[in-house]
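Working notes, beginning with the structure itself.
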Amino acid sequence: MSYQQQNLGGRNQKLGAEVQIGERQNLFDLSFTDPWIAGDPYRTSYTVNAFRRQSISVIFDGGDREVFLPNGDRPRIIRTGGGINFTRPLSRNPFADSEWTASVGLQYQRISITDRKIRRESKDELGNLLSFSNSGSDDLTTFQAGAVRDRRNDPLRPTSGSLLRFGVEQSIPVGSGSILMNRLRASYSFYLPVKYTNFTTGPQTLAFSVKAGTIFGDLPPYEAFALGGANSVRGYNEGDMGTGRSFLEGSVEYRFPIISFIGGALFVDAGTDFGTGKDVPGDPAGIRKKPGSGYGYGLGVRIQSPLGPIRIDYGINDSGGNQIHFGIGERF
């Protein structure tokens, strides 16, 4: 259930509230966005939000071996906090589309590991730490900065151009756990118009994507990179391929129209954690026998809707498993 006010006070400000209740996740999120700070000549916007999220983390789930809490429950991660983020297009003309956009932000989270009855736990049934501190609850305060260069011809259905993203997070070692961590992430996608089929008229595209990341310093296990899933290596369930301190993923898709509002896609994904799964405290991937690297391939359907493409993908992974993935919007 969600509520959105898109023009609060007639100033194009946005107010949003969302509640989700599910088998694996409960969520509450409240946000406010001002798209142009008054008196600023550069179209700087800001968003503030507060949240509480409870989920069964893919870090501590999946794989060929189930590992539970000492009482037999699955570990839950509860994140409670809030933050503020500022975004500015890097163009001298604030009314023109900007190729570059930069952002900075600050976020605080109180992170607790619990069972289904919200009783705090710090270790699994094998004695491995689930949090960074021994208490089962950590404070994580991070400064975030990022930049995006968008050269795509269409943000929803790109057929040419490229998209570059780079982000850095630096934690401030205060509160429980005193975590000092630096996370780097980057991705690059580019699109080439082609014409291989003749089912119907419409654009056809070869799309390529590369993503990578690494973490320096302290590493709470729940902050590691999870590999596998709808937005990672398809054919694997969410997080089933691996959990690492570093990762690299690559994807290739051929997108083509079938009829006026339905398109198809053929894809190949691959990824690796470079063997850094063992560098995550508690080795959550190793004890669950996740492979750490692999590939997937398959086909998908894209149904055009007012929300963007509805994505349905069927993937087969390198160990013979298969998975159906759903999403809104293109994979990249």
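The values are calculated or read from the model by the stated rules, or taken from the named source; none is laboratory data. Just so it is clear, the structure is predicted and the values come from calculations on it, not from any experiment. No Cβ is skipped: glycine too gets one built from the backbone with ideal geometry, and neighbour counts run over all protein chains shown.
A few notes on this one:
- Every residue from region 191-210 that is free of Cβ contacts under 8 Å to residues at least 60 places away in the same chain and either under 27 Å from Q144 (Cβ atoms) or in a strand (DSSP E or B) (or both): Y191, L192, P193, Q204, T205, L206, F208, V210
- Matching residues, region 206-242, being out of contact with any Phe, Trp or Tyr (no Cβ under 6 Å at 6 or more places or on another chain), of a type in the set (G, A, S) and surrounded by 20 or more Cβ atoms within 10 Å (Cβ to Cβ): A224, A226, G229, S232, G235, G239, G242
- Note on region 26-61: among residues that are within 30 Å of S98 (Cβ to Cβ) and of a type in the set (D, E), the one that is surrounded by the fewest Cβ atoms within 10 Å (Cβ to Cβ) is D40.
- Restricting attention to region 9-42, the residues being closer than 21 Å to F86 by Cα, of a type in the set (A, V, I, L, M, F, W, C) and either in contact with a Ser or Thr (Cβ under 9 Å, 6 or more places away or on another chain) or modelled with pLDDT of 95 or more (or both) number 6.
- Filter result for the condition that a residue is over 18 Å from S187 (Cα atoms) and either acidic (D, E) or in contact (Cβ under 8 Å) with a residue 40 or more places away in the chain (or both), over D273, D313, D269: D313
- Filtered by the rule that a residue be in contact with a Leu (Cβ under 8 Å, 6 or more places away or on another chain) and either in a strand (DSSP E or B) or among the basic types (K, R) (or both), region 256-287 gives G264, A265, L266, F267, G271, T272.
For (1) in a strand (DSSP E or B); (2) touching a residue at least 24 places away in the same chain (Cβ under 8 Å); (3) among the aromatic types (F, W, Y); (4) crowded, with 18+ Cβ neighbours inside 10 Å, each residue gets a yes or a no:
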position	(1), (2), (3), (4)
G63	no, yes, no, yes
F68	no, yes, yes, no
D73	no, yes, no, no
I77	yes, yes, no, yes
S91	no, no, no, no
A96	no, no, no, no
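- A147 meets all of the listed conditions (1) farther than 29 Å from S98 by Cβ; (2) surrounded by fewer than 17 Cβ atoms within 10 Å (Cβ to Cβ); (3) not β-branched (V, I, T) but one, namely (1).
- Of all residues making up region 229-244, the number that are of a type outside the set (D, E) and closer than 11 Å to I59 by Cα: 5
- Test: residue in region 7-18 that is loosely packed, with under 13 Cβ neighbours inside 10 Å and either β-branched (V, I, T) or part of a strand (DSSP E or B) (or both): yes
- Considering (1) modelled with pLDDT of 95 or more; (2) out of contact with any helix residue (DSSP H, G or I) (no Cβ under 9 Å at 6 or more places or on another chain), the lone condition that G136 does not fulfil carries the number (1).
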